[in-house]
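What follows is a single structure, written as structure tokens, with notes after it.
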Amino acid sequence: MAALTTDLRIEEPGWKKALPSSAKILKAAAKAALRDGSPGLEGKVAIAILLSNDAEVQALNKMWRGPDKPTNVLSFPALPEASPPGGPVFLGDLVLALETVEREAKAQDKSVEAHAAHLVVHGVLHLLGFDHMDARQAREMERLEQDVMASLGYPDPYLVS
């Protein structure tokens with residue numbers, strides 16, 4: 001199994017109140033997604049997680065994806081040359097928007113913790129090459145997310161009250 005290094009940066013101070021144990025929770029979610037999403041991967045791998053806000057995510061979304069609106073999580077897979085020779089394989093970056101995560105968690109009657117953990121799992125799976133562009137891919141990715149979340153002790157992220 002691959003050894004994961006997670007660089008977590010909190011840019012939006014509100015995350016410290018909304019998710020006081022963010023480092024522990026989100027690193028565990030990333031590690032579990034890597035374990036279950038790429039069981040044959042060996043060696044050292046790294047990801048970066050940025051805890052930001054709607055304004056920053058909206059700007060990134062517009063610049064890199066096109067939609068001029070915030071979203072809950074953005075994933076940016078790394079180019080192969082982003083990994084240093086002899087160092088860990090850099091998988092890419094995840095960026096979470098606090099206000100959107102809080103709004104969605106409230107609307108879905110979930111904790112910010114459970115929703116943020118799910119978004120990190122979802123994002124890491126994207127970094128590993130999973131997608132949900134068609135129904136078959138969506139089912140496979142959702143099933144894997146459900147399994148990962150269950151292994152972390154969270155309820156099914158797709159059950160909405």
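What follows is calculated from the coordinates using simple rules that are stated; it is not laboratory data. What you see is a predicted model, and the numbers here were worked out from it, not measured in a lab. Cβ sites come from the backbone with ideal geometry, for glycine too, and all protein chains shown count toward neighbours.
Using a cut-off of 14 Å between beta-carbons, work out the net charge of the residues near VAL112 (Lys and Arg +1, Asp and Glu -1, VAL112 not included).
Here the count lands on -1.
Answer rounded, prolate or oblate for segment 15-62, using the Cα gyration tensor with square roots of eigenvalues a ≥ b ≥ c: rounded when a/c is under 1.5, else prolate when a/b is larger than b/c, else oblate.
oblate
Evaluate the distance, in nm, between pseudo-label points positioned 7 Å from the Cα of ALA107 and of TYR158 along their respective Cα→Cβ axes.
1.9 nm
If you build a Gaussian network model of the chain, linking Cα atoms that sit under 10 Å apart, which residue out of LYS17, LYS31, LYS44 swings the most?
LYS17
Between beta-carbons, use under 13 Å as the cut-off and find the net charge around LEU8, counting Lys and Arg +1, Asp and Glu -1.
It works out to a net charge of +1.
Order of 1-12, 117-128 by packing, highest average Cβ count within 10 Å first?
Result, highest mean Cβ count within 10 Å first: 117-128, 1-12.
With a cap of 12 neighbouring Cβ atoms within 10 Å, and only residues DSSP puts in a loop, list the chymotrypsin sites (Phe, Trp or Tyr not before Pro) found in segment 77-161.
TYR158
Could you grab the relative contact order for segment 3-151? Cα pairs under 8 Å, six or more apart, rounded to a whole percent.
27 percent
Sum -39500 (n - 2.57) across every DSSP H segment of at least 4 residues in the chain, then divide by the residue count to get the 222 nm mean residue ellipticity, nearest 500.
Helix-only estimate at 222 nm: -14500 deg cm²/dmol.
Could you point to the residue in ALA97, SER21, GLY40 farthest towards the positive end of the chain's charge dipole, with +1 and -1 charges on the Cβ of Lys/Arg and Asp/Glu respectively?
SER21
Work the Kirkwood hydrodynamic radius out for segment 3-151: mean of 1/r over every pair of different alpha-carbon atoms, inverted, in Å.
Hydrodynamic radius (Kirkwood, Cα pairs) of segment 3-151 is 15.6 Å.
When the chain is modelled as a GNM with alpha-carbon springs shorter than 10 Å, which of GLY14, GLY129, GLY86 fluctuates the most?
GLY86
Count charges around ARG136 for me, please; just the other residues with Cβ under 13 Å from its Cβ, Lys/Arg as +1, Asp/Glu as -1.
So the surrounding residues net to -2.
When the chain is modelled as a GNM with alpha-carbon springs shorter than 10 Å, which of MET141, MET133, MET149 fluctuates the most?
Maximum fluctuation in the GNM of the chain, among the listed residues, is at MET133.
So how many Lys-Lys pairs in segment 3-151 land under 26 Å Cα to Cα, not counting same-chain pairs under 8 apart?
23
Determine, from the Cβ-Cβ distance of ALA150 and ALA78 and an R0 of 22 Å, the FRET efficiency 1/(1 + (r/R0)^6), rounded to the nearest 0.05.
0.20
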